[in-house]
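A.B. asks: Below you'll find the structure I mean.
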Amino acid sequence: NAGVMQNPRHLVRRRGQEARLRCSPMKGHSHVYWYRQLPEEGLKFMVYLQKENIIDESGMPKERFSAEFPKEGPSILRIQQVVRGDSAAYFCASSPGGPNTGELFFGEGSRLTVL
Amino acid sequence: KQEVTQIPAALSVPEGENLVLNCSFTDSAIYNLQWFRQDPGKGLTSLLLIQSSQREQTSGRLNASLDKSSGRSTLYIAASQPGDSATYLCAVLVDYKLSFGAGTTVTVRA
């Protein structure tokens, strides 16, 4: 049973470009979460999604950031018009039931560098 | 707002010594507490999960305790090995969201 798969593992973008980060949850998991780890800071919650629904996006910046988890395919975290402050590691996690029912399993992360 | 603090921020011990890592949180209304390990440039590996109704969990050389009323958890690692060198993160779950501490970076010297 493969773990949570994230790609790309490393992404370099110039200011103003778009970044798309993908996350395939573990098999049988229908709940996906995105967290961000800024340099020298702890991980912070961004968004919680179920298939075709955003449950909680209270940790997402109001502009330029969006997330989706379509019926088919991976969850996507999209950052438009990237700025240097977006440079961070973005981690995806999944769980089989809701987050209050058990353990969250994390992927290896996608490391975004904005030049 | 939930605040999670981990002390110490860094720890260096000789091989074979026992490790004690501390975690405190401000809001005791948590669903569970997880301890993770993070190696440089890598993802998070879950070590132990303690439900809010539990007092401790054990896995091999690892033991974690939880005192929800006082907002504290302790991770014990017995007979440390160089392979235990990593950053250890404590996280509490409230309302869908994990709140993480900044971590304790452990170095085990051979």
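The values are calculated or read from the model by the stated rules, or taken from the named source; none is laboratory data. The shown structure was predicted, so the numbers you read here are calculated from the model rather than taken from an experiment. A quick note on method: Cβ atoms are made from the backbone with ideal geometry, for glycine too, and the neighbour counts reach across all protein chains shown.
A.B. asks: Of all residues in the stretch B:65-110, how many are within 24 Å of A:P96 (Cα to Cα) and not hydroxyl-bearing (S, T, Y)? Spell out the reasoning first.
C.D. replies: So in the stretch B:65-110, the residues within 24 Å of A:P96 (Cα to Cα) come out as B:89-100.
Retained after the next criterion (residues that are not hydroxyl-bearing (S, T, Y)): B:89-95, B:97-98, B:100.
Residues flagged as within 24 Å of A:P96 (Cα to Cα) and not hydroxyl-bearing (S, T, Y) within the stretch B:65-110 amount to 10.
A.B. asks: In the stretch B:63-83, is there at least one residue being modelled with pLDDT of 95 or more, of a type outside the set (D, E) and closer than 30 Å to A:P8 by Cα?
C.D. replies: Yes: one or more hits.
A.B. asks: Further, regarding this structure: Taking strands (runs of 3 or more DSSP E) that fall entirely within the stretch B:4-110, which contain at least 3 residues that are aliphatic (A, V, I, L, M) and more than 12 Å from every other protein chain (Cβ to nearest Cβ)? Lay out the reasoning, then the answer.
C.D. replies: Values: elements: B:4-7, B:10-14, B:19-25, B:32-38, B:44-51, B:56-59, B:62-67, B:72-77, B:86-94, B:97-100, B:104-109.
Of the strands (runs of 3 or more DSSP E) lying wholly inside the stretch B:4-110, those with at least 3 residues that are aliphatic (A, V, I, L, M) and more than 12 Å from every other protein chain (Cβ to nearest Cβ) span B:10-14, B:19-25, B:62-67.
A.B. asks: For the subset of the stretch B:19-69 comprising residues that are in contact (Cβ under 8 Å) with a residue 24 or more places away in the chain and of a type in the set (G, A, S), which member is nearest to B:C90 (Cα to Cα)?
C.D. replies: B:S24
A.B. asks: Report, by residue number, each residue of the stretch B:87-102 that is closer than 19 Å to B:N22 by Cβ and surrounded by fewer than 20 Cβ atoms within 10 Å (Cβ to Cβ).
C.D. replies: B:T87, B:A102
A.B. asks: Same structure, new question: Looking only at the stretch A:90-115, how many residues end up being out of contact with any Phe, Trp or Tyr (no Cβ under 9 Å at 6 or more places or on another chain) and assigned to a strand (DSSP E or B)?
C.D. replies: So the count comes out to 3.
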